[in-house]
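Okay, so here's the structure we're looking at.
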Amino acid sequence: MTTIPKQTPQNPQASHGSAQAGGPSPLPESLWRAAWRKLWRDRGSRLALAAAALLVLTALTAPLLGRLGGWSPTEFDSHAIDPYLGGMPRGPLGGISAEHWLGVEPATGRDLFARVVHGAQVSLLIAFAATAIVVVVGTAAGLAAGYFGGRVDTVLSRVMDLTMSFPSLIFMIAMMSVAQDVNRVLLMTTVIGVFGWPGIARVVRGEALSLRHREYVEAARVGGSGPWRILTREVLPNISGPIIAYTTLLVPGMISTEAALSFLGVGVRPPTSSWGQMIAEAVSYYDTDPMFFLIPSAFLFVAVLAFTVLGDALRDILDPHGGRP
């Protein structure tokens, strides 16, 4: 006699209910694929993703693009400017030609294309590095405050409040002005990161507070798992969506902050190029050579807009409730 194995009927509703009772499950691979499909179906998100990818590629290949254009960002071309017109570029549209694809700077003759692509490298490097610092520090502080609670939560929450109470831009300017003989890129990354972490820490703390007493966390605790294992295996995967959404929204703010500090003269210093620094130098020529002002401004605008649209789209997909439990 053949014995037919007994099969347990599947109950999707019961499975769904138990998942909800135990708390949100980590984002599976299928959900990431679904999020990618939603992102790609939206035309605005698709354009923003393409623009962001192109800017990142430009930053990564800036030295190669500079050599392709034939000029370095610090090389002067005296033949591209007219000394009898106060050093204004020769030719129309700020000296745009087959030799200088985006024209040249007035008075110096430096190639704008080379300076813009190298400026993209500096701006995005500082933005991404500062964002990484903010996310790592903020996530660690938020997880610790939300999971352990009590005195740990009190101390970390007061540190968050204290950091957020500082007028960050003024303190950034002061710190950048005082520190003179240091690596400006490293200093800007550190300073921006120091003042940026409390925002994401608050978001992560709220999520961790809502998850620390869920059944699957209690089961892991009863099973002998330590705090580190519970935080990294149970809590963190379940709040990865809001963290990723918040991270993408941080990048445009970091780009703007770097540009603002460089515009005010306390960011990166010449001959290192930066979009904010180029805009500051172009203010004196906006009426006589508007292209010198428009080109770096357009790159800065596109970068901030692309990452903002992309961040909004990812937030709507991965964190539709805005981080509310």
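Scan the chain and note any complete DSSP helix (H) whose C-alpha atoms cover at least 27 Å along its axis and whose Kyte-Doolittle average is -0.5 or more.
Qualifying helices, which must be both long enough and hydrophobic enough, are 112-148, 184-211, 240-263, 290-318.
Which one is right for this structure if volume of the Cα convex hull per residue in Å³ is calculated from it: (i) 197; (ii) 148; (iii) 250?
(i)
For Asp82, which sequence-distant residues (separation of 5 or more, or a different chain) have an amide H within less than 5 Å of its own amide H, given hydrogens modelled in the peptide plane?
Here Gly87, Met88, Arg90 satisfy the definition.
What list of ³J(HN,Hα) couplings, whole Hz, do you get for the stretch 74-89 from phi and the Karplus terms 6.51, -1.76, 1.60, once you set θ to phi - 60° and write x for glycine and proline?
My calculation for the stretch 74-89 gives 10, 7, 8, 10, 5, 7, 8, 10, 9, x, 7, 10, x, x, 6, x Hz in order.
Using only alpha carbon pairs under 8 Å that are at least six residues apart, calculate the relative contact order of the stretch 213-293 and give it in whole percent. Before the final figure, lay out each step's value.
Working: 44 pairs, mean separation 12.2, N = 81.
Normalised by residue count, the contact order of the stretch 213-293 is 15 percent.
How big is the Cα convex hull of the stretch 170-325 in projection, averaged over all directions, in nm²?
Details: hull surface 47.8 nm².
So the Cα hull casts an average projection of 11.9 nm².
Per-residue counts of other Cβ atoms within 10 Å, averaged by peptide: what ranking do you get for 206-214, 176-184, highest first?
Highest-to-lowest ranking by the protection proxy: 206-214, 176-184.
Listed highest first by mean packing, meaning other Cβ atoms within 10 Å per residue, what order do 241-250, 281-290 come in? Intermediate values should be presented prior to the final figure.
On the way: 241-250: 20.9, 281-290: 15.5.
Descending packing order for the listed peptides: 241-250, 281-290.
List the relative contact order of the stretch 82-182 as a percent without decimals, with contacts defined as Cα pairs under 8 Å and 6+ residues apart.
Values: 55 pairs, mean separation 10.8, N = 101.
Normalised by residue count, the contact order of the stretch 82-182 is 11 percent.
Run a plain Debye calculation on the stretch 145-247 (Cα atoms as equal point scatterers, no solvent) and give log10 I(q)/I(0) at q = 0.09, 0.12, 0.19 Å⁻¹, rounded to two decimals, same order as the q list.
Debye curve over Cα of the stretch 145-247, log10 I(q)/I(0) at q = 0.09, 0.12, 0.19 Å⁻¹: -0.33, -0.54, -0.97.
For the chain, what does the accessible surface come to per residue with a 1.4 Å probe? Please give it in Å². Walk me through the intermediate numbers first.
Numbers: 17420 Å² over 325 residues.
Roughly 54 Å² per residue, with all protein chains present.
Of the heavy-atom accessible surface of the chain (probe 1.4 angstrom), what whole percent is carbon and sulfur? List each step's numbers first, then the result.
Details: 11450 of 17420 Å².
Carbon and sulfur atoms account for 66 percent of the accessible area of the chain.
Please state the relative contact order of the chain as a whole percent: Cα pairs under 8 Å, 6+ residues apart? Mind showing how you got there, number by number?
Details: 439 pairs, mean separation 76.0, N = 325.
Relative contact order comes out at 23 percent.
The values are calculated or read from the model by the stated rules, or taken from the named source; none is laboratory data. As the structure is a prediction and not an experimental result, all values here were calculated from the model. Methodologically, a virtual Cβ is constructed for each residue, glycine included, from the backbone with ideal geometry; neighbour enumeration extends over all protein chains shown. Calculation scope for accessible area: heavy atoms of the full protein, side chains included, ligands and nucleic acids excluded. Shrake-Rupley method; radii C 1.70, N 1.55, O 1.52, S 1.80 Å.
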